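Data block below; observations after.
The values are calculated or read from the model by the stated rules, or taken from the named source; none is laboratory data. Given the structure is predicted, the values throughout are model-derived calculations rather than measurements. FYI the Cβ positions are ideal-geometry reconstructions off the backbone, even for glycines, and counts take in every protein chain you see. Surface accessibility is based on the protein's heavy atoms, side chains included, excluding ligands, DNA and RNA. Shrake-Rupley method; radii C 1.70, N 1.55, O 1.52, S 1.80 Å.
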Amino acid sequence: MYAGAVILTVTTLSAGTYFSFFLVCLHVMFLHVFMHVGHTVVLRTYTPGVVTAVAFVLPYCLYTYDRLLEARLATWPLIWSTLPYSLLIIPVLYVAHRIGEAAGKVIPR
């Protein structure tokens, strides 16, 4: 989904058609880092993806926010106004999780 948002945003940057969608996807990636860290802390064990999230995704997101603000493509009001839309991904993730659980029961390992 993020790659699609990047492509749509870059190809329509002058019109700004998909820029808000790109920001929402960036917010989801940024917030997901903390979900990995939170799972590691709560479970008190290594959880898959926590190292990648902290080592690569977090710096990438911070760098991207910084560059967007520096280039004046994004403003703080725009960032804050698109943040609540990142919550819309929760039902999608819930359904994907349920599909994964169902597939795990059907497909023998």
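Below are the figures for this structure:
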read-out: Residue-span extension gain [Ala15 to Tyr46] - 0.36 nm each, minus C-alpha spacing; value: 6.8 nm
read-out: Calculated from backbone phi, Karplus (6.51, -1.76, 1.60) coupling profile of region 8-14 in Hz, x at Gly/Pro; value: 4, 5, 5, 6, 10, 4, 5
read-out: Potential lengthening between Val54 and Ile7 on full extension [0.36 nm per residue; Cα-Cα distance subtracted]; value: 14.5 nm
read-out: Whole-Hz couplings from phi, Karplus 6.51/-1.76/1.60, listed for region 75-86; x for Gly and Pro; value: 10, 4, x, 5, 4, 5, 6, 8, 4, x, 5, 5
read-out: About the Cα centre, charge dipole magnitude for the chain (Lys/Arg +1, Asp/Glu -1 at Cβ), debye; value: 300 debye
read-out: For the chain, calculated [θ]222 nm from helices alone, where every DSSP H run of n ≥ 4 adds -39500 (n - 2.57); value: -22000 deg cm²/dmol
read-out: Contact order relative to length of the chain, as percent, for alpha carbon pairs under 8 angstrom and 6 or more apart; value: 24 percent
read-out: Cα-based equivalent ellipsoid of region 7-56: semi-axis lengths in Å, sorted from largest, via gyration tensor; value: 32, 9, 6
read-out: Tilt relative to the chain, helix 19-43 - C-alpha long axis, 0 to 90 degrees, to 10; value: 40 degrees
read-out: Per residue, in Å², the accessible surface of region 21-109 once ligands and nucleic acids are set aside, probe 1.4 Å; value: 73 Å²
read-out: Highest-fluctuation residue, Tyr94, Tyr85, Tyr46 considered, GNM on the chain with Cα pairs under 10 Å; value: Tyr94
read-out: Cα lying deepest toward the dipole's positive end in the chain, options Leu31, Thr82, Ala102, charges on Cβ; value: Ala102
read-out: Carbon/sulfur fraction of accessible area - the chain, other protein chains in place, 1.4 Å, %; value: 73 percent
read-out: Cα-based equivalent ellipsoid of the chain: semi-axis lengths in Å, sorted from largest, via gyration tensor; value: 29, 18, 12
